[in-house]
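Below is a structure I'd like to ask you about.
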Amino acid sequence: RAADARDARAETLERIALSACDRASAADPADPTPWVAKLAMARLHRLRDPAPHGLLTSPPGPWRLFAHVLSLDPWHREAHHRFLAFFFTRHGGSVNAAWDVAAFLAQRAPAHSALRLLPLVALVESYDPARLLADRVWEQPQWRSTALAVHRDWLPTVAGYRFTPVLDLAYLAHALILARREAEARAALTAMGPYASRMPWCVFGDPAGQLSRARRACGLPVPP
């Protein structure tokens, strides 16, 4: 946050954070958490390791750091999201690179994993309201089928989660709403229980208003 705000203390704060990560990883080498924190800071230095084979755009990035996290926890949710964020345009990446990386990561994840949502996360990140029919992109077969597959394979597993995966459910519900699949979106919104998140709704306007509109479209009550 300090770096994004161009805070003069950003460099000092980063050194402190990196030092803390080093101490934490030395204390418990099997814990991926400090390495995930380093992934979050990788965009500040634009680490440019060559991409593995299989990506159309072959975008350079912190691939070695990410690979180390995967060696500790191959399906670490936060690591995947932090890594994908490195390729967002607002962090110096490109739309095509973000889509490419999101597809690559999602395809290697198990069908019942929330990581299958990553292409939908990249799609939200690339949203440009100035583009013609920007809100209709989610109706395209590739995005609709992605959302429906996650609804089919991942959503039934949510009941077994210790904590409600609110953000993942929000991305799924949002994609299904824009894909005109209100019945499936209703199930995702219901699974959120009394919780809500700002993302992805805030990308499209006032988050409370966007979520309320989605709930109404699904026939769900809107909390006062």
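If I ask for residues that are surrounded by 13 or more Cβ atoms within 10 Å (Cβ to Cβ) and either touching a strand residue (DSSP E or B) at 6+ places or on another chain (Cβ under 6 Å) or small (Gly, Ala, Ser) (or both), which ones from the range 174-208 would you list?
Ala175, Ala179, Ala185, Ala187, Ala188, Ala191, Ala196, Ser197, Ala208
Any idea how many residues of the range 120-142 are touching a Leu at 6+ places or on another chain (Cβ under 9 Å) and either aromatic (Phe, Trp, Tyr) or surrounded by 13 or more Cβ atoms within 10 Å (Cβ to Cβ) (or both)?
Going through the range 120-142 one residue at a time, the tally reaches 7.
Per-residue answers, yes or no, for (1) polar (S, T, N, Q); (2) farther than 25 Å from Val203 by Cα:
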| residue | (1), (2) |
| --- | --- |
| Leu65 | no, yes |
| His68 | no, yes |
| Pro74 | no, yes |
| His81 | no, no |
| Arg90 | no, no |
| Ser94 | yes, no |
| Gln107 | yes, yes |
| Ala111 | no, yes |
| Ala122 | no, no |
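Kindly check whether there is at least one residue in the range 160-171 that is of a type in the set (Ser, Thr, Tyr) and either touching a strand residue (DSSP E or B) at 6+ places or on another chain (Cβ under 6 Å) or assigned to a loop (DSSP other than H, G, I, E, B) (or both).
yes
Moving on to the next point. Going through the range 185-214 one residue at a time, which ones are hydroxyl-bearing (Ser, Thr, Tyr) and either assigned to a loop (DSSP other than H, G, I, E, B) or in contact (Cβ under 8 Å) with a residue 12 or more places away in the chain (or both)?
Thr190, Tyr195, Ser197
Related question: Out of all the residues in the range 164-184, is one or more among the aliphatic types (A, V, I, L, M), in contact (Cβ under 8 Å) with a residue 12 or more places away in the chain, in contact with a His (Cβ under 8 Å, 6 or more places away or on another chain) and closer than 22 Å to Phe88 by Cα?
yes
Here is a follow-up. Looking at the range 20-59, which of its residues are at pLDDT 95 or above, among the aliphatic types (A, V, I, L, M), out of contact with any Leu (no Cβ under 7 Å at 6 or more places or on another chain) and farther than 14 Å from Val101 by Cβ?
Ala20, Ala24, Ala26, Ala27, Val36, Ala37
The values are calculated or read from the model by the stated rules, or taken from the named source; none is laboratory data. Small disclaimer: the values here were computed from a predicted structure and weren't measured. With ideal geometry, Cβ positions are generated from the backbone for all residues, glycine too; neighbour counts draw on all protein chains shown.
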